[in-house]
Each structure stands twice: as structure tokens, then as C-alpha cells.
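Throughout, read-outs are computed from the coordinates displayed, never taken from laboratory work. Computed from a predicted structure; not experimentally measured. In this analysis, Cβ positions are derived from the backbone assuming ideal geometry, glycine residues included, and neighbour counts consider all displayed protein chains.
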Amino acid sequence: MKTTEDRSATYVPAFTLTPTKQEAPRSEAVGDVVRRPNFINDIAAGKVELPTIPRVVQRLIAALQDPDVDTRKISEALAQDPVLSAKVLRLANSAFFGGQRSMASIDAAVALIGLQALNRLIVACGVAAPFKEIPGIDLKVFWRDALVAGIAANKLAPRLSANAEEAYTCGLLHGTGHLILCQTYPDIANAMFSGFEVVRGVELATIEAGAFGIDHPAVGALWVESLGFPQPVADTIRCVAEPVADSEAPLLLTLRSASALAASVAQKDPAEAALAALPPAAQARFSAGGQPDAAFVKLYEALQETEPTF
């Protein structure tokens with residue numbers, strides 16, 4: 001595992017923990033934990049299983065990666081999941097898509113909202129399903145910040161030369177490894193995270209490595225791979241807490257930037273501070289005379305109003 005010094009100081013994952021009070025230092029709390037697990041060995045031995053999502057959701061995620069997919073097949077698959085169908089209809093009838101008439105047809109709803117918006121909704125609903133109550137984590141806050149990161153990544157991607165849909169998926173899913181670790185080892189999660197102040201980025205990954213034997217980017221990447229998402233998504237999530245390189249892949253630079261923006265939104269930072277939190281290579285793309293440009297300010301204001309629809 002990387003040490004704190006080895007990790008990137010610019011990475012801030014897109015989620016927060018809501019503290020009740022500051023308790024004993026984690027170095028003392030960890031003494032209450034019987035043993036440090038080995039997540040990979042536990043999976044190999046069958047002691048631990050990665051969370052599963054509904055089979056229909058997995059099929060839809062795979063199908064929607066094909067830009068030429070037959071929308072009738074998508075509608076037929078949606079019809080097999082009443083809960084997901086209802087969410088698609090609610091989105092189609094929302095003010096964002098006009099909301100002038102009540103739409104009851106899945107075929108019409110899919111045609112109206114389009115495959116990209118549908119893919120984002122299905123991914124968000126599907127990956128949230130396995131997580132109902134997680135020790136040490138406020139899930140409402142977690143998913144709001146994850147959605148902010150996903151939207152930020154999608155909007156930042158064109159200017160950073162990254163694939164916008166892959167960027168959205170990276171932003172939305174990059175913190176899920178923390179959910180998996182805390183759900184898998186609740187006693188350790190309670191000892192290390194319940195009641196503590198917010199921890200993010202390098203600090204969080206280092207705490208996880210010491211407590212769980214692995215950090216959330218590594219676990220998140222494993223899960224993303226198991227669900228059949230594109231390999232660049234898994235590889236980017238796996239690398240997000242590694243040291244920043246002078247020249248980074250566009251998708252990784254986009255994810256780092258989106259994570260920083262989501263943290264700035266959660267902290268209610270001004271736009272100038274949010275820009276300063278971006279990796280230097282991204283700052284240069286969104287500033288004018290050292291100040292946030294108009295497009296950045298508009299995006300940041302929109303992110304502050306983001307709320308989950310799943």
C-alpha cells in the first residue's frame with residue numbers, strides 16, 4: 001500500500017461522513033478491532049462477496065454501452081423491473097423534460113429522455129440498490145456528492161479531452177469501494193468512522209489501508225470490473241489516489257477534478273477556492289487571468305443545486 005506521502009494530495013473523493021462528535025484518535029480506536037482483514041483473500045476464500053445488482057440492471061448497463069442498441073429491446077428489459085420503469089417514467093414526466101403531459105408509455109419515455117440520460121439513471125439506481133444502511137456513512141450525503149462528482153466529470157470531460165459518459169460513470173462510482181468496505185466489515189467501520197470528523201482523499205485512503213488492508217479505489221475498481229463497465233473506468237478509479245503525474249490520462253485528470261469539485265460543493269467553498277482545488281493541469285483549462293472563467297462559474301453554481309433523483 002502507498003503511504004500518505006506517496007499518495008496524491010490533490011485527490012478528494014466525492015463523499016463526506018457526517019460526524020456526531022470528535023472521538024478518540026483513530027490510532028487508539030483501531031486497537032478495539034480484533035484483526036485487520038485481507039479483503040482480497042476473503043473474496044478468494046468465499047468469505048466475502050462483492051455486492052450484486054439486479055440482473056436486469058446489469059443487462060441494461062451492458063446494452064446501453066452500444067450506441068446502436070435497439071431502443072425497443074431497452075424498453076422490453078425495463079418492463080421487467082417495475083421500480084426502475086417507474087423512475088424512468090417519473091424522469092420523463094419531470095419539469096426537466098417539459099412535464100406538460102402525463103406519459104405512461106415506457107417506449108415514449110425512452111424516446112423522450114434519450115439513451116445517455118437513461119444510462120445515467122439506470123447506473124445510479126442500479127449501483128445504489130445494494131447499499132441500504134452503512135456504518136459510519138450518511139448515505140444521503142454520500143449519493144448527493146457522488147452525483148455531483150458524476151455530473152461534474154461529465155461536464156468537465158470535453159475540455160479535458162476525456163470521454164464524457166465514461167467520466168460520468170467514474171465520478172459516480174469512484175467512492176463506492178468505501179461503502180463496500182464498511183458494509184463488509186461493520187465493526188471496523190464503526191470503530192474507524194462513526195462519530196469522527198470528515199476525512200477525505202489521502203487521509204481516508206490511508207486510514208482504510210491500515211484498518212481494512214486495502215483502500216476504496218482498489219475495491220471500487222474490482223466492483224466496477226465485476227459489473228462489466230468499460231475497463232478504462234475501472235483502471236481510472238483504481239489509480240485515483242495514486243500520486244499525480246506531470247502528464248495524466250484525460251479520464252484520470254477529469255476524475256480528480258470532479259472529485260475536488262464535489263468536495264468544494266460539500267464544503268460550500270466559493271468558486272475561486274473550487275478552482276484552486278483542481279489539479280494544476282485542469283486549472284489552466286478553466287481560468288481566465290487566474291480567475292474562474294464564465295463556464296466554470298456556471299457549472300459550479302449548477303453543481304451546488306444538484307440533488308439525487310434516484
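Of note:
- Extension gain, Ala95 back to Thr71 (0.36 nm per residue minus Cα-Cα distance, nm): 6.3 nm
- Stretched out straight at 0.36 nm per residue, the stretch from Glu133 to Arg159 would grow longer than its current Cα-Cα span by 5.7 nm.
- Cα-Cα pairs of the stretch 53-129 separated by more than 14 Å (percent): 56
- Working from label points 7 Å from Cα in the Cα-to-Cβ sense, the Gln116 to Asp293 distance is 1.9 nm.
- Longest segment of the chain lacking trypsin sites (Lys or Arg not before Pro) that sit in a DSSP loop with at most 14 other Cβ atoms within 10 Å: 133-267
- Annotation for Asp107 and Gln267: the two label points, set 7 Å from Cα along the Cα-Cβ direction, are 5.2 nm apart.
- Zone of Ile40's modelled label, taken as backbone nitrogen in the stretch 179-204 under 20 Å from a point 7 Å along Cα→Cβ: 179-182, 184-185
- Shape analysis of the stretch 43-180 places it in the prolate category; the axes a ≥ b ≥ c from the Cα gyration tensor give an a/c of at least 1.5, with a/b above b/c.
- Cα extents of the chain along the three principal axes, largest first (Å): 58, 55, 35
- Loop sites here are GluC sites (Glu not before Pro) outside DSSP states H, G, I, E and B with no more than 15 other Cβ atoms within 10 Å. The longest part of the chain free of them is 198-304.
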